[in-house]
Amino acid sequence: MADSGGHWANLAEVEKLSQSKLLKGVVDIAPKRGPVLSELPIRQVSGLSTKWNRSDARRTATRMAIGQELLWTDNVTYTQMDLRLAQFYDQTPLNKFVRDVYKDKTDYATQQLLEMRTGIIETLNDALIYDDSDYTDLHMRGLYHWAVDNAGTDGYIDNGEAALSFMNVRKVLDYMSHGCDFMVMSYSLARYIDQFYQDAGPASWAGTMGRIVWDKDEIGKPMMVWAGTPIIRSDYMVAEQANTGAGLDARAKYSSGVAMYSILFVCKGKAQKQMVDPGAIIHFGGEDRKSGELFKVERFDKLEKYDAAGLRLVSYLNLGVGAPRACCAIYDITLDIPTP
């Protein structure tokens, strides 16, 4: 043990007369980046669900000779969509002895609320991508759920368990007739696009010139833009299981074999309109919710059988996509340098 420098035998003896200073708060060592929740508009609903109609048939004009008898025809039908709100919650007690006696050191109730809020926001962001109510009743309708509406078209492309093909990206963007406001992918997959553009050699410049540029996001950090469409890197886009999410089951997170990755393409809706909109909008509800209040905090001063207070966070929401072409995907992409 090191000498104290005088009087005390060593530093251990000095420490017996002192107390460490505890800094207030807690450091989050693994914050999640790229939340989809903050990218999408929200719409408040008053009931249990929102309904809208999708057209099933298009009218066409008929050619005819001058003076020919005109025929009356009818063919228009609709598919009615019903988006029911899903419920998410978290609640936990707080021992009153801890709250009252130690509040001068750390505000335990404030820290409790902060950690619960972080947990429910991260749960919602994960659900906005991977939840699929077709297979689990308690799930919301995540982006993969909506993207599958385009199965068999250029809006839902199987990349064939290979490196990303930029041609597939072009196909999806051309298919999205309502436009595309952003792509979202994992940091791992975006890193290989970076490498293709920046490090793979002169051929990469020829393949991407005029398609990939660099811009700045809302806080000034570099952001990749493909053909005018921002690429959002997200920790919520994770490794996935090959050959899932193609109609027989939900898109599954990685469990075995070779890890696969996906790109989601999203057209944002316009929440200020109370009429039907082709884009993606988060619908939320619940009693006494303020405008934009996705979840509500309820405080309990007393809990039965416990000398404790309690906090509860509750959220009622779901993701609606008005038209199939507003949410598309490329899936089963391996981590490798992309091909043109």
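The values are calculated or read from the model by the stated rules, or taken from the named source; none is laboratory data. What you see is a predicted model; the values in this text were computed from it and never measured. Here the Cβ positions follow ideal geometry from the backbone for every residue, glycine too, while neighbour counts run over all protein chains shown.
Could you check the stretch 290-309 and list, in sequence order, the residues that are assigned to a loop (DSSP other than H, G, I, E, B), touching a residue at least 24 places away in the same chain (Cβ under 8 Å) and more than 22 Å from the chain's Cα centre (by Cα)? If the condition is that a residue be assigned to a loop (DSSP other than H, G, I, E, B), touching a residue at least 24 places away in the same chain (Cβ under 8 Å) and more than 22 Å from the chain's Cα centre (by Cα), then 307 is the only one that fits.
Yes or no, residue by residue, for (1) charged (D, E, K, R); (2) surrounded by 21 or more Cβ atoms within 10 Å (Cβ to Cβ):
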position: 260; (1), (2): no, yes
position: 265; (1), (2): no, yes
position: 277; (1), (2): yes, yes
position: 289; (1), (2): yes, no
position: 299; (1), (2): yes, no
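Residue by residue through the stretch 118-175, note down the ones that are assigned to a loop (DSSP other than H, G, I, E, B) and within 17 Å of residue 328 (Cα to Cα). Within the stretch 118-175, 131, 142, 151, 152, 153, 154, 155 meet the criteria. Of these, 262, 315, which one is among the small types (Gly, Ala, Ser), assigned to a strand (DSSP E or B) and within 16 Å of residue 145 (Cβ to Cβ)? After ruling out the rest, the residue left standing is 262.
Out of 9, 2, report the one residue that is at pLDDT below 80, among the hydrophobic types (A, V, I, L, M, F, W, C), in a loop (DSSP other than H, G, I, E, B) and surrounded by 10 or more Cβ atoms within 10 Å (Cβ to Cβ).
Working: 2 fails: surrounded by 10 or more Cβ atoms within 10 Å (Cβ to Cβ).
Step by step, each of 9, 2 is checked, and only 9 is at pLDDT below 80, among the hydrophobic types (A, V, I, L, M, F, W, C), in a loop (DSSP other than H, G, I, E, B) and surrounded by 10 or more Cβ atoms within 10 Å (Cβ to Cβ).
Examine the stretch 49-69 for a residue that is under 21 Å from the mean Cα position of the chain (by Cα) and assigned to a loop (DSSP other than H, G, I, E, B), and state whether such a residue exists. Scanning the stretch 49-69 turns up no residue that is under 21 Å from the mean Cα position of the chain (by Cα) and assigned to a loop (DSSP other than H, G, I, E, B).
Within the stretch 193-223, restricting attention to residues that are modelled with pLDDT of 80 or more and closer than 29 Å to residue 127 by Cβ, which residue is surrounded by the fewest Cβ atoms within 10 Å (Cβ to Cβ)? It would help to see each step written out before you state the result.
Narrowing the stretch 193-223 to residues modelled with pLDDT of 80 or more: 193-196.
Checking the rest, the ones that are also closer than 29 Å to residue 127 by Cβ come to 193-194.
Details: 193: 22, 194: 18.
Result: 194.
Taken as a whole, the structure leaves residue 32 outside the set of residues that are under 30 Å from residue 114 (Cα atoms), of a type in the set (Lys, Arg), assigned to a loop (DSSP other than H, G, I, E, B) and more than 27 Å from the chain's Cα centre (by Cα).
For residue 190, are the conditions met, namely being at pLDDT 95 or above, part of a helix (DSSP H, G or I), aliphatic (A, V, I, L, M) and closer than 30 Å to residue 336 by Cα? When the stated conditions are applied, residue 190 does not pass them. Per the conditions (1) surrounded by 14 or more Cβ atoms within 10 Å (Cβ to Cβ); (2) assigned to a loop (DSSP other than H, G, I, E, B), the sole criterion not satisfied by residue 332 is (2). Might you check whether a residue that is among the aromatic types (Phe, Trp, Tyr), modelled with pLDDT under 90 and under 30 Å from residue 324 (Cα atoms) occurs anywhere in the stretch 83-91? So far as the stretch 83-91 goes, no, none of its residues is among the aromatic types (Phe, Trp, Tyr), modelled with pLDDT under 90 and under 30 Å from residue 324 (Cα atoms).
Residue check: is residue 40 within 15 Å of residue 315 (Cβ to Cβ) and assigned to a loop (DSSP other than H, G, I, E, B)? Answer is yes for this residue.
Residues in the stretch 14-68 that are among the hydroxyl-bearing types (Ser, Thr, Tyr) and farther than 30 Å from residue 81 by Cα: 18, 20, 62.
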